[in-house]
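Below you'll find the structure, written out as structure tokens, and then a few comments.
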């Protein structure tokens, strides 16, 4: 395989922290509730996502930024210091987003939010080396975005290989605890092509959660509807409301081959979702 082919293969497959993917992080609805996300696993473990004072919880755009950050980290060869550098223009283009002043500011805001939002584990986040831990961290331990000076942008026109419309360059450092799991191969793998083809934030999140079940060696996965709503997380709580939100995501995942089938069932007073996992992309 040539170097170029290897790079393309890296770009198509994205490795994510398996422990983190099993936990809720990004708000997936337009609910005005920006309080703390809290999740318990039923065995005493607790997880909280705590926004910075005056800020909101990470949302659907932040979810996509997170996946693109991990793709770039892998493409850069998993640098030991966790630092990756990129232009805002190239980053937005890779996400399939329009590049303009509004989206530049949106990306800057997202990077800052991923740095400021506190993730708190009480015996629930699992480290490949130390098991389940009590710790507090953020996805990004450092974020710096430098705006190009007007003079710099004028000088860039002399070089045909550099995009002259770029207003800034970002340097971010991924959290050490997450990098440790990636280095230890305590991961799941998703297809970037499949991820970006899913038009629903719920489907994108559910895709990543399904891959956690696959990494556990499952071909089928039964999960309580309430538990699934907390893990995604979803703001809806009534079974009928949850089904209306999940059904379009299920249809997308079946169409993409991530799932062979998904069915919401009631057993006595309890509701479950039964998943039959599909095949991995070639």
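Only residues that are in contact (Cβ under 8 Å) with a residue 40 or more places away in the chain and either more than 24 Å from residue 61 (Cβ to Cβ) or surrounded by fewer than 17 Cβ atoms within 10 Å (Cβ to Cβ) (or both) were counted in the range 196-226, giving 15. Going by the conditions given, is residue 88 surrounded by 17 or more Cβ atoms within 10 Å (Cβ to Cβ) and free of Cβ contacts under 8 Å to residues at least 60 places away in the same chain? The answer is no for residue 88.
Need a quick list: strands (runs of 3 or more DSSP E) entirely within the range 11-118 having at least 1 residues that are within 18 Å of the chain's Cα centre (by Cα) and modelled with pLDDT under 95. Spell out how you get there, then give the answer.
Values: elements: 13-17, 37-40, 46-50, 83-87.
Per the criteria, 13-17.
Among residues of the range 231-242 being touching a residue at least 12 places away in the same chain (Cβ under 8 Å) and surrounded by fewer than 19 Cβ atoms within 10 Å (Cβ to Cβ), the one that is nearest to residue 49 (Cα to Cα) is 235.
The values are calculated or read from the model by the stated rules, or taken from the named source; none is laboratory data. Just so you know, these numbers come straight off a predicted model, no measurement behind them. Virtual Cβ from ideal backbone geometry, glycine too; neighbours counted across all protein chains shown.
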